[in-house]
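What follows is a short report on a single structure.
The values are calculated or read from the model by the stated rules, or taken from the named source; none is laboratory data. Predicted model only: the values in this text are computed from it and were never measured. In this analysis, Cβ positions are derived from the backbone assuming ideal geometry, glycine residues included, and neighbour counts consider all displayed protein chains. Please note that ligands, DNA and RNA were not included when accessible areas were found on the heavy atoms of the full protein model with its side chains. Shrake-Rupley method; radii C 1.70, N 1.55, O 1.52, S 1.80 Å.
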Amino acid sequence: MPTPKQFHFPLSSSEQVFFLGVDAGGSKTDALITDGLGNVLGYGRSGCGNHQLGAETAAQNIESAVNQALQSAHLRKAQITFAFFGLAGADRPADYRILEPIIARLRFSRWKIECDTMIALRTASRFPYGVVLICGTGINCAARSVAGAEVQIGGFGELYGDWGGGQSLANDGFRAVIRAWDGRESATALTQVFLQVLNYPDVETMRDDFLDHHYQNVPLTVVPPFLQLAAEGDPVARAIVCRQGTELALCAQTAIRRLRLQEEDFDVVLAGSVVVKGPDVCLHDIIAREVTALAPLAKIVKLTAPPVAGAILRAMDEADIAVTPSIQQTLKNMML
């Protein structure tokens, strides 16, 4: 990961502090303002904040969410102690060359940009360092060392070495159903799941409809029952999901080795609907087994609070504010 531009000014203990955190993703942008204890003072929400889907639209949406939060908190920009932006698509130096001017024109005196993976990590982690594994539609892995070094593993798609996420599971399940139907693989209960969820009378009709309409991806609605079937023991479904767990564990192990976290006490944060909402069997269990084999003190935790909370915690980290368990709990309990 690139090292983004930052402005860091230590604070005196007597100074009144306010923090702005922003989580800008592909579908929405959340902006949150808290005091130094993590109490929510203001909130704003707007649309897509990923510059890769349109830089000017992202800039407008980020500014809109920020302004809503400031207005609801009855604060001015000059009163914000530190503003932290977790931005989707902040992956490479080329991205920061686009994003830094966008955030700079908001005119906060103290601010920093990082990829949104890092605020997901901070939301659920006990520490400012650790590993985050994201498994939603696709997969991503990022980590921060105790010293603050960062690394990203994957997150760019199958062409670049990634495998996994809900879309890969759905497509691989579809392939297994087709291969079971034509005799290349064993029969699987996935067949009935796919036919029922996608509303087809039989496999041949389903196959022909996909061919006739040139569908490239299977709807993600098949993923929850797919995961449940794997948890119940269907051999074909279980093999596919276990492969996903092994791949996620490999990403985490790679990040751990690169940042030399093997002997540290840290958290591996699981984020994304597949690993947060799905059954623990296969995914969670494999990740836990493989990661702790390499890093015995590592703990596996799930992201359950909004990632914008992590942006607030990162703002506090950067402003040299000690993040207490009470502050973390206050942010985890907030309702947006």
Q: Using a 10 Å cut-off on Cβ atoms, rank the peptides 140-147, 267-274 from the highest mean neighbour count down.
A: 267-274, 140-147
**Q.** Accessible surface ranking that places the most exposed of Trp111, Trp181 first, with a 1.4 angstrom probe
**A.** Trp181, Trp111
Q: Output the relative contact order of the chain, whole-number percent, from Cα pairs under 8 angstrom with separation of 6+ residues.
A: 21 percent
Q: Would you be so kind as to identify which of Ala94, Asn61, Gln79 lies farthest towards the positive end of the dipole of segment 16-99, taking Lys and Arg as +1 and Asp and Glu as -1 on Cβ and the Cα centre as origin?
A: Gln79
**Q.** Reachable aspartates and glutamates from Lys302, criterion Cα separation under 17 angstrom, eight or more residues apart if same chain
**A.** Asp116, Asp265, Asp267, Asp280, Asp285, Glu290
Q) Any idea what the dipole of the chain comes to, in debye rounded to 20, about its Cα centre with Lys/Arg Cβ at +1 and Asp/Glu Cβ at -1? A) 940 debye
Q: For segment 203-336, calculate the relative contact order in percent as a whole number, restricting contacts to Cα pairs under 8 Å that are 6 or more residues apart.
A: 22 percent
Q.
Given a 1.4 angstrom probe, I'd like the percentage of the accessible area of the chain that is carbon and sulfur, rounded to a whole number.
A. 51 percent
**Q.** Antiparallel bridges, percent of DSSP beta bridges restricted to the chain (to nearest 5)
**A.** 55 percent
